[in-house]
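Engineer: Structure incoming, see below.
The values are calculated or read from the model by the stated rules, or taken from the named source; none is laboratory data. In this text, all values refer to a predicted model and were calculated from it rather than measured experimentally. Because the Cβ atoms are built from the backbone with ideal geometry, glycine has one as well, and the counts that use them run over all protein chains shown.
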Amino acid sequence: MKNKYVTFSKNIFIPITNVCRNACDYCVYRARSPEDAYIVRVNQFLALLNTKLEATEALFTAGEKPELVNPEFAKWLHKVTGCSTLVEYTKELCKLAIGHGLLPHCNLGVLSTEDMKQLRDVNASMGLMLETTAELEAHKNSPGKAPEERLKMIAEAGQLKIPFTTGLLIGIGETPEDRIHSLEAIKSLHAKYGHIQEVIIQPFVPKPFTAMEKQESPSFDEFKAVLRIARQILPAEIVIQVPPNLTAPRELIELGASDLGGISEKTIDYINPESPWPREAELRKIVAPFVLWERLPIYPRFIRKGWYSDEIRPLIERYAGEDGLRRL
Ligand code: SF4
């Protein structure tokens, strides 16, 4: 990794469906009613792919296990996509993305080993926010937020040698001790499998019309304290990422954050739709005197180790320089 460099990725953000089996108290992403539900169609995706894209990453998100919460979902999915499961459909979208020069990164919530095996070869990396290892009120209606479910998936991704992104959501009712416990859990999974490429430290931001709309975000001092602890606990090879549309990153970089995640010129942050990403030129000014440098959704360490498939090899060879970051 280049010294004194802060990295970011240029992506397009594709929220495949907002149907989710969970109902987290802070979420504005999931469909609240059948009328709100959507599935992104192939022609919509192609229309986006056929615009002039500067991106190298296709970030796919979806609600978790929609087939479980909505028995009609599988029928609807089949009718509009011809696929029987969300994972099968996601794989099709990933192949289209690769054909258009984009490296996929999927975060579909908790997946089984079989699901990950299906998606592994068409993804440069995958992700799942751990959020916390604590049992919280905010997750009382979210079976998929059971910490053991999420730790299990992160471990299984390690067994499959999938470069992996995870993270903590700060300010959803967890204590400072819970944060340490969560970071230690990530550290110990990484010690076993070596597959964690980055840990996102993300502040909770209240959203209107949610159960937590009146709860405040963590203060900046509290957030900085988490950054310090995270940098102390996590090994240096795990990059700490902070989202530049939800934080003031300059001071956080001084404390050890060195990645700003994906930003998109063409799509919005569907998880935090009220918070636009800064433009690249703005980010360059924000991080100075550090130098902003684009990376791929697979970190250089995993390119060197060859943790990628033949399907995405041509794109990695096209985009990665000798140091594994984006070639100029
Ligand atoms: S799992 Fe994600 S999409 Fe589903 S309700 Fe929770 S925050 Fe929303």
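Engineer: Of the residues PHE8, PHE73, PHE13, only one is touching a Gly at 6+ places or on another chain (Cβ under 9 Å), of a type in the set (Phe, Trp, Tyr) and within 16 Å of the ligand (Cβ to nearest atom); which? Don't jump to the end; show me each part of the working.
Structural biologist: Details: PHE8 fails: within 16 Å of the ligand (Cβ to nearest atom); PHE73 fails: touching a Gly at 6+ places or on another chain (Cβ under 9 Å).
The unique qualifying residue is PHE13.
Engineer: List pairs: first residue in the range 61-84 and touching a residue at least 12 places away in the same chain (Cβ under 8 Å), second residue of a type in the set (Ser, Thr, Tyr) and more than 16 Å from the ligand (Cβ to nearest atom) anywhere in the structure, Cβ distance under 8 angstrom, at least six positions apart or on different chains.
Structural biologist: GLU67/THR85; LEU77/SER84; LEU77/THR85; LEU77/TYR89; THR81/TYR89
Engineer: While we're looking at this one, here's another question. Suppose the filter is outside any loop (DSSP other than H, G, I, E, B) and among the polar types (S, T, N, Q); does SER217 pass it?
Structural biologist: no
Engineer: Considering only residues of the range 47-64 that are among the aliphatic types (A, V, I, L, M) and more than 16 Å from the ligand (Cβ to nearest atom), which is surrounded by the fewest Cβ atoms within 10 Å (Cβ to Cβ)?
Structural biologist: Of everything passing the filter in the range 47-64, ALA47 is surrounded by the fewest Cβ atoms within 10 Å (Cβ to Cβ).
Engineer: Return the residues of the range 253-282 that are over 19 Å from PHE223 (Cβ atoms) and either of a type in the set (A, V, I, L, M) or in contact with a helix residue (DSSP H, G or I) (Cβ under 7 Å, 6 or more places away or on another chain) (or both); say none if nothing qualifies. Please lay out each step first, then the result.
Structural biologist: First, the residues of the range 253-282 that are over 19 Å from PHE223 (Cβ atoms): 262-268, 270, 273, 276, 279-282.
Within the range 253-282, ILE263, LYS266, ILE268, ALA281 meet the criteria.
Engineer: If you take the residues of the range 16-46 that are aliphatic (A, V, I, L, M), more than 28 Å from GLU280 (Cα to Cα) and away from the ligand (no atom under 14 Å from the Cβ), which of them is surrounded by the most Cβ atoms within 10 Å (Cβ to Cβ)?
Structural biologist: It comes out as ILE39.
Engineer: Here's a follow-up. Looking at ASN107, ASN123 in this structure, which one is touching a residue at least 24 places away in the same chain (Cβ under 8 Å), touching a Gly at 6+ places or on another chain (Cβ under 6 Å) and not hydrophobic (A, V, I, L, M, F, W, C)?
Structural biologist: None of the other options fit; the residue is ASN107.
Engineer: Among ARG250, ARG326, ARG304, which is the only one that is over 27 Å from LEU48 (Cβ atoms) and at pLDDT 95 or above?
Structural biologist: Selected residue: ARG304, the only one of ARG250, ARG326, ARG304 that is over 27 Å from LEU48 (Cβ atoms) and at pLDDT 95 or above.
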